[in-house]
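Student: Have a look at the structure that comes next, please.
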Amino acid sequence: MTDKFVSIEGIAKRYPGAGGATTTIFENLWLSMARGEFCCVIGHSGCGKTTVLNILAGLDAPSEGAVIVDGQAISGTSLDRAVIFQSHALLPWRTVLGNVAYAVSSKWRSWDRAKVKAHAQTFIDLVGLTGSEYKRPSELSGGMKQRVGIARALSITPKMMLMDEPFSALDALTRGTLQDEVRRICLETGQTAFMITHDVDEAIYLADKIFLMTNGPGAVLAEVVENPLPRDRARTDLHRHPLYYALRNHIIDFLVARSKTFVAETPDHDPRNVPLVHIGKPGLTIASGSEEQRQTWTPGTNPGLSA
Amino acid sequence: MNSSLRLRAGLVSIALLAAFLGIWHLATRSTAPVTTMSPEYAKLMGLTATQGKSAMPGPLDVGAKLWDHLKRPFYDNGPNDKGLGIQLAYSIARVGTGYLLAVLVAIPLGFLIGMSPLLSKALDPFIQVLKPISPLAWMPLALYTIKDSSVSAIFVIFICSIWPMLLNTVFGVASVRKEWINVARTLEVGTIRRAFTVILPAAAPTILTGMRISIGIAWLVIVAAEMLVGGTGIGYFVWNEWNNLSITNVIIAILLIGIVGMLLDQILARFTRMVTFPE
Ligand SMILES: Nc1ncnc2c1ncn2[C@@H]1O[C@H](COP(=O)(O)OP(=O)(O)OP(=O)(O)O)[C@@H](O)[C@H]1O
Ligand SMILES: [Mg+2]
């Protein structure tokens with residue numbers, strides 16, 4: 001954890017509220033990510049996840065504090081940090097190829113048409129959209145649009161990917177396929193990824209670290225949960241891992257109960273040193289009943305799957 | 001289903017037209033000749049008196065006269081007798097010039113105002129006051145300062161077509177979806193390139209809608225403006241024929257004004273369709 005590729009240092013976001021008062025969405029938020037790490041943020045709606053992501057992207061400026069990426073404080077957006085938008089945000093008057101090529105030609109201004117096209121085509125192929133290059137976004141399904149968004153983000157070979165609930169609007173099957181693809185691509189290209197999600201299983205499958213945020217306003221980063229699952233994991237085998245349920249229950253427990261009361265119950269919470277939770281490592285474990293950590297998987301018992 | 005609907009609508013249209021022409025014909029046809037009348041009086045009054053003919057021309061008169069005009073649209077027998085084609089060409093040229101000048105001013109200005117909240121707020125009171133002024137109210141001022149009636153008419157067209165385009169451009173530019181702007185921002189696209197690659201295509205349908213409203217207004221105004229400034233143009237033609245008491249020519253001019261207006265609107269509608277994107 002010494003290598004801090006991304007470091008959010010004491011940022012706050014305030015909006016002017018009614019009657020001259022200010023609403024603080026969050027303040028004194030500290031968070032760091034190592035190079036090549038996949039991090040997921042989970043928290044209730046309205047706690048400020050998108051705000052954090054926008055600040056990381058440079059689309060929004062924090063009211064206080066700074067964000068350091070690769071040793072430099074960021075000011076504004078950068079081609080090094082690609083964003084995959086929740087609403088895919090494709091330009092509807094451009095084709096699939098046109099949308100990806102727009103990003104490519106924005107990064108490499110001097111490239112000629114053919115080179116831009118060839119480069120864009122590689123990434124369209126990568127997300128499995130070969131054959132749909134000349135379709136317009138209105139002719140694509142939700143999953144295909146999201147793939148174009150992914151291809152566009154990857155095509156500029158960023159150092160980091162920022163994803164705001166990229167799969168929340170998709171059906172389970174498409175979501176599963178795209179999760180596989182994003183995971184494969186991020187591992188292959190060594191991306192550092194920051195993803196917001198509401199889906200606990202998605203976070204468990206994709207993340208190396210899971211950030212848990214409490215409810216807003218005045219949200220805090222309560223815990224950083226380390227994913228105990230091996231890096232080499234398959235979506236279908238997740239629930240067979242002995243620590244899967246412990247991890248899942250810990251997160252759900254947080255969302256259901258502790259996210260509301262965390263701030264009141266933990267007065268000595270230090271936002272600069274957010275507790276790092278290692279599920280299943282005795283001594284470092286916090287919360288979530290200890291019998292679950294010793295639980296081993298037996299065929300036929302699938303507690304919690306329907307939760 | 002759809003094609004049968006179109007067919008039936010077409011049939012109804014034709015029936016309505018036939019009914020209209022029929023009623024028009026019946027209402028204006030000659031009644032029995034009035035017998036007792038001094039020959040001098042009859043000569044003076046023409047067919048109106050001798051055959052009980054209505055002063056209003058019937059569809060057949062208009063059709064015959066229209067055919068005359070269509071056979072030789074571009075003759076020129078001096079200032080008060082020119083072919084309808086020439087008169088329409090003058091009007092279209094004036095509308096075209098004033099309209100194009102308005103496009104050249106309204107769209108860049110609208111872009112600036114739409115992209116800058118400061119300019120938008122600062123210029124708003126001026127636009128609000130200038131917009132409701134009838135374009136013809138500018139005419140004396142234009143005639144006084146420009147001292148050329150033809151250029152004054154162009155100025156009036158310019159001033160009346162600028163507002164819908166300006167307001168629509170401002171609105172279209174200001175309401176480009178935030179996420180598209182954010183895409184350009186995350187790609188570090190510069191302001192100029194962003195204006196042309198994101199804002200312009202996104203706002204184009206709204207801008208074209210404004211242009212379409214403008215061309216309609218410009219065509220409405222040119223007739224009135226030409227009645228005032230005189231000399232040439234379809235508006236002047238209408239006024240001149242009214243002074244000649246040639247209602248037939250007035251009706252023909254009205255018909256042509258309608259058709260040209262429709263064509264101008266259709267051209268802009270086609271452009272609008274070209275830049276509209278499905279979402
Ligand atoms: N422009 C704004 N003015 C005032 N308050 C705002 C503004 N934008 C966002 N907020 C507030 O900031 C809070 C956090 O918003 P944000 O979009 O970051 O939530 P989120 O965690 O992403 O929620 P969700 O999961 O629903 O996407 C919300 O309570 C919202 O009301
Ligand atoms: Mg959000």
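Just so you know, all these numbers are worked out from the coordinates, no wet-lab data involved. Not measured: the values here are computed from a predicted model. So basically every Cβ, Gly included, is an ideal-geometry build from the backbone, and we count neighbours across all protein chains shown.
Student: Under the rule of at least 5 residues apart or a separate chain, name every residue whose amide H is placed under 5 Å from the amide H of A:Phe85.
Tutor: Counting only residues 5 or more places away or on other chains, the set is empty.
Student: Let me ask something else about it. For Cα pairs less than 8 Å apart in space and 6+ apart in sequence, what is the mean separation divided by the residue count of chain A, i.e. the relative contact order in percent? Intermediate values should be presented prior to the final figure.
Tutor: Values: 555 pairs, mean separation 65.0, N = 307.
Result for chain A is 21 percent.
Student: Return the Rg/Rh value of the stretch B:84-275, two decimal places, where both radii are evaluated on C-alpha atoms and Rh is the Kirkwood radius. List each step's numbers first, then the result.
Tutor: Working: Rg = 19.2 Å, Rh = 18.0 Å.
Expressed as Rg/Rh, it is 1.07.
Student: Cα to Cα, under 24 Å, and not fewer than 8 places away if on the same chain: which lysines meet these conditions relative to B:Lys82?
Tutor: B:Lys65, B:Lys71
Student: Using only Cα atoms, find the angle between the long axis of helix B:2-28 and the longest principal axis of chain B, and express it within 0 to 90 degrees, rounded to the nearest 10.
Tutor: With both axes taken from Cα atoms, the answer is about 40 degrees.
Student: If packing is taken as the mean number of other Cβ atoms within 10 Å per residue, what is the order of A:78-88, B:124-134, highest first?
Tutor: The densest-packed peptide leads the list: A:78-88, B:124-134.
Student: What Kirkwood hydrodynamic radius, in Å, does the protein assembly as shown give when the mean of 1/r is taken over all pairs of distinct Cα atoms and then inverted?
Tutor: On the way: mean 1/r = 0.0333 Å⁻¹.
By the Kirkwood definition, the hydrodynamic radius is 30.1 Å.
Student: Another one. Which of B:Leu11, B:Leu263, B:Leu109 ends up with the largest GNM mean-square fluctuation for chain B, with Cα atoms connected below 10 Å?
Tutor: For chain B, modelled as a Gaussian network with Cα springs under 10 Å, the answer is B:Leu11.
Student: To the nearest 500 deg cm²/dmol, what mean residue ellipticity at 222 nm is calculated for chain A from DSSP H runs of n ≥ 4 alone, each contributing -39,500 (n - 2.57), summed and divided by the residues? Walk me through the intermediate numbers first.
Tutor: Values: 9 runs with 96 residues, N = 307.
Only helices count here, giving -9500 deg cm²/dmol.
Student: Tell me the net charge near B:Tyr236. Cut-off is 13 Å between Cβ atoms, B:Tyr236 excluded, with +1 for each Lys or Arg and -1 for each Asp or Glu.
Tutor: Neighbourhood net charge equals -1.
Student: While we're here: Regarding the stretch A:218-278, what whole-number volume in Å³ per residue does the convex hull of its Cα atoms give? Could you put the intermediate results ahead of the total?
Tutor: Details: hull volume 6.3 nm³, N = 61.
Looking at the stretch A:218-278, the number lands at 103 Å³ per residue.
Student: In which sequence would B:Val95, B:Val275 go, from the one with the fewest C-beta neighbours within 10 Å to the one with the most? List each step's numbers first, then the result.
Tutor: Working: B:Val95 24, B:Val275 15.
In increasing order of surrounding Cβ atoms, one gets B:Val275, B:Val95.
Student: Which of A:Tyr134, A:Tyr205, B:Tyr99 comes first, and how do the rest follow, when ranked by fewest Cβ neighbours within 10 Å? Let's see the in-between values first.
Tutor: Numbers: A:Tyr134 10, A:Tyr205 20, B:Tyr99 27.
Least crowded to most crowded, the residues run A:Tyr134, A:Tyr205, B:Tyr99.
Student: Which entries in A:Lys159/A:Lys209; A:Lys49/A:Lys117; A:Lys49/A:Lys209; A:Lys49/A:Lys135 show an alpha-carbon gap greater than 27 Å? If you can, show how the numbers build up before the last one.
Tutor: On the way: A:Lys159/A:Lys209 18 Å; A:Lys49/A:Lys117 35 Å; A:Lys49/A:Lys209 15 Å; A:Lys49/A:Lys135 33 Å.
From the list (A:Lys159/A:Lys209; A:Lys49/A:Lys117; A:Lys49/A:Lys209; A:Lys49/A:Lys135), the Cα-Cα distance tops 27 Å for A:Lys49/A:Lys117; A:Lys49/A:Lys135.
Student: What spacing in nm lies between the two simple spin-label points modelled at A:Lys135 and B:Ala93, each 7 Å away from Cα in the Cβ direction?
Tutor: A separation of 5.3 nm, rounded to one decimal place.
Student: Taking every DSSP beta bridge with both residues inside the protein assembly as shown, roughly what % is antiparallel (nearest 5)? Intermediate values should be presented prior to the final figure.
Tutor: Values: 21 of 42 bridges.
Approximately 50 percent, going by the DSSP bridge assignments.
Student: Please compute the modelled spin-label separation between A:Arg184 and B:Asp61, points set 7 Å along Cα→Cβ, answer in nm with one decimal.
Tutor: Going by the 7 Å Cα→Cβ label model, 8.3 nm.
Student: If you take every residue apart from A:Arg14 with its C-beta less than 15 Å away from the C-beta of A:Arg14, what net charge results, scoring Lys and Arg +1 and Asp and Glu -1? Present the calculation step by step, with values, prior to reporting the outcome.
Tutor: On the way: positive: A:Lys13; negative: A:Glu27, A:Asp60, A:Glu64.
Summing Lys/Arg as +1 and Asp/Glu as -1 gives -2.
Student: Evaluate the Kirkwood expression for the hydrodynamic radius of the stretch B:49-129, namely the inverse of the mean inverse distance over all pairs of different C-alpha atoms, and round to one decimal in Å.
Tutor: Numbers: mean 1/r = 0.0572 Å⁻¹.
Hydrodynamic radius (Kirkwood, Cα only) of the stretch B:49-129 equals 17.5 Å.
Student: Ok, one more. Relative contact order (percent) for the stretch B:84-275, with alpha-carbon contacts under 8 angstrom and 6 or more residues of separation?
Tutor: On the way: 221 pairs, mean separation 53.6, N = 192.
Relative contact order of the stretch B:84-275: 28 percent.
Student: I've got another one for you. Please express the shape of chain A as an equivalent ellipsoid: the semi-axes are the square roots of 5 times the eigenvalues of the C-alpha gyration tensor, given largest first in whole angstrom.
Tutor: Numbers: eigenvalues 219, 129, 58 Å².
Values for chain A, descending: 33, 25, 17 Å.
Student: Sorting A:Leu140, A:Leu221 on the 10 Å Cβ count, fewest up front, what's the list?
Tutor: Listed from fewest to most nearby Cβ atoms, that is A:Leu140, A:Leu221.
Student: If you average the C-alpha positions of the stretch A:76-136 and of the stretch B:131-187 separately, how far apart do those two centres end up, in angstrom?
Tutor: 36
Student: Just tell me, in residue order, which DSSP H segments of chain A are both 15 angstrom or longer along the helix axis (alpha-carbon based) and at least 0.0 in mean Kyte-Doolittle hydropathy.
Tutor: Details: long enough: A:96-107 (17 Å, 0.77); A:113-126 (20 Å, -0.18); A:142-155 (20 Å, -0.03); A:172-189 (25 Å, -0.31).
Going by DSSP H runs, the hits are A:96-107.
Student: Continuing with this model, one more query. Using only Cα atoms, tell me the angle between helix B:247-275 and the longest principal axis of chain B; keep it within 0 to 90° and round to the nearest 10.
Tutor: With rounding to tens, the tilt is 20 degrees.
Student: Grab the DSSP H runs of chain B that are 4 residues or longer, score each as -39,500 (n - 2.57), total them, divide by all residues and round the 222 nm result to the nearest 500 deg cm²/dmol. All intermediate terms of the calculation are to be shown ahead of the outcome.
Tutor: Numbers: 13 runs with 213 residues, N = 279.
Dividing the helical sum by the residues of chain B leaves -25500 deg cm²/dmol.
Student: Oh, and also: Please give the FRET efficiency for B:Met274 paired with B:Phe196, using the beta carbon to beta carbon distance and R0 = 22 Å, rounded to the nearest 0.05. Walk me through the numbers before you get to the answer.
Tutor: Numbers: r = 17 Å, r/R0 = 0.77.
About 0.85, to the nearest 0.05.
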